[in-house]
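Notes follow the structure.
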Amino acid sequence: MTDEESLNVLPGFPTDSTAAFFDLDKTIIATSSSQAFSKPFIAGGLISRADVLRSAYAHFLFLVGNADEDQTERMRAHLSALARGWDVRKVREIVAETVHEHIDPYVYAEAVQLIEDHHDLGHDVVVVSASGSELVEPIAAALGADHVLATHMEVVDDHYTGEIDYYNYGENKASSIRELAAREGYDLAQSYAYSDSITDAPMLGAVGHAFVVNPDRTLRRLAAESGWGQLQFSKPIALRPRVEPIPVAAVVGGVALAVSAFFVIRHLRRRRRRSQ
């Protein structure tokens, strides 16, 4: 099968039943969303500089791709405890007001272009993240995503309890994708997924067209074994010129190997022209 054939819509197949699932941290943005908002959270009195320092080592492991499942779980528990007692409305307001300032510098241009090309083909775009929904939803809105699948923290009387209702991580990402596909009528065999992380192997395996982004050696080997494409994202781009700032009220309310981002974008554009 050629690259072009693998990216073609099947004859007569409705493009509106196809979705593209994007991991957020280190796939759409070159950092973790929780770390990106650390400064405004400090300014808003939600966390202290000492809290940031205690999270610094875990964030370093995340950036270099060395955090294993146990370390990731410890980081999850730390962040959950840290959020205990936070006012949900205040968190949403801080994120909505600062999303462009603190996320723009980290957004990959290649990811933004792929999102636009999927939309042009009539595909729904879904941001899938282990980060909390209050962080993910404003970023996804700025990107023009159609749906968000994220972690949900337990809330009582408009404050976080420190417990997690649903942790959208690992196998849970694949489960939430399948549930959304059942509700929206997506054909997962014709759908796409993009992620940088080995922990997202279940998510990548849930679709017919999977791509690993900036893979390390382990993920590159798994991609080769699984027949997944490989992409390199490197160019940051500001979202503000492309998308209108989102108001606070809006927030609350196998493929061939070694495929470049340019190659995928080019063929998505060809599909768009053929569908017109």
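We did not get these values from a lab; they are worked out from the coordinates using the rules stated. None of the values given here were measured: they were computed from a predicted structure. Glycine gets a Cβ as well: all are built from the backbone with ideal geometry, and neighbour counts include every protein chain shown.
Here each label is just a point 7 Å from Cα along the line to Cβ, and for Ala109 and Arg217 those points are 3.2 nm apart.
For the listed peptides 155-168, 183-196, a ranking on the average number of other beta carbons within 10 Å per residue, highest first, reads 183-196, 155-168. Here's the picture: charge each Lys and Arg Cβ at +1 and each Asp and Glu Cβ at -1 in the stretch 67-196, and of Tyr160, Ser176, Ser195 the one pushed furthest to the positive end of that dipole is Tyr160.
Which of Trp228, Trp86 has the fewest other C-beta atoms within 10 Å, and how do the rest follow up to the most?
Going from sparsest to densest Cβ surroundings: Trp86, Trp228.
Counting only Cα atoms, the stretch 179-233 measures 36, 19, 17 Å along its principal axes, largest extent leading. With each label modelled as a point 7 angstrom along the Cα→C-beta vector, the Ile42-Tyr167 pair spans 2.8 nm. Straight-line cross-link reach from Lys90 at under 30 Å between alpha-carbon atoms covers these lysines, not counting any fewer than eight positions away in the same chain: Lys26, Lys39, Lys173.
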